[in-house]
Each structure stands twice: as C-alpha cells, then as structure tokens.
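Nothing in this text is a laboratory measurement; each read-out follows from the coordinates by a stated rule. Just so it is clear, the model here is predicted, and its values are computed rather than measured. Glycine also receives a Cβ, built like all others from the backbone with ideal geometry; neighbour counts cover every protein chain displayed.
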Amino acid sequence: MNVIYDYSPNFSLRKRSKKRIKFIIIHYTGMKKESDAIKRLQDPRFKVSSHYLIKQNGDILSLVPDLYEAWHAGLSNWKNYKN
C-alpha cells in the first residue's frame, strides 16, 4: 500500500483524540477526473475535504491528518451524531 501525503488546507485546527473517531465514511466524488476531485478537496474556496482519497491505481492520498477534523460537504448528521 502506497500512502502519499499531500495535505489540504481545508480542516479544523481543533485537535481530537483517536478515541473520538467513531466512523469511516466512504464518499463518491462524482467527478469524472481524479485530478479534478483532488483539486476540489484541496481548494480553500470550496471548504470541503476528506482525510483520504483512494486513487484509481490503488494509492492512498492522505489529505487531512487523523488528528484533525476534515470538512464534510455541508451539515451532516446520523442518528444522534452531529457534525
């Protein structure tokens, strides 16, 4: 497994403990080109990010360190969990 670190500026500076990580959320970007999806996740104008992106060749792009919160595309909630 090849992990590439190319951090996005789109994340919250407040640190969190590993114990607070409860879910793994898998999203589909819907973008036709992988490079466009990466640009979007790293562009401060869009205020969206993810911790990881699995590239088409199987490499993993690390965009936000686990210690910080990535920015979901809008408000999110599931059952009693918010944010």
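Of the residues N80, N57, the single one that is out of contact with any Pro (no Cβ under 9 Å at 6 or more places or on another chain), loosely packed, with under 14 Cβ neighbours inside 10 Å and closer than 23 Å to I21 by Cβ is N80.
Quick one: is Y7 of a type in the set (S, T, Y), assigned to a loop (DSSP other than H, G, I, E, B) and surrounded by fewer than 11 Cβ atoms within 10 Å (Cβ to Cβ)? When the stated conditions are applied, Y7 does not pass them.
Is it true that S12 is out of contact with any Asp or Glu (no Cβ under 6 Å at 6 or more places or on another chain), touching a residue at least 24 places away in the same chain (Cβ under 8 Å), surrounded by 10 or more Cβ atoms within 10 Å (Cβ to Cβ) and among the small types (G, A, S)? Spelling it out, it is not the case that S12 is out of contact with any Asp or Glu (no Cβ under 6 Å at 6 or more places or on another chain), touching a residue at least 24 places away in the same chain (Cβ under 8 Å), surrounded by 10 or more Cβ atoms within 10 Å (Cβ to Cβ) and among the small types (G, A, S).
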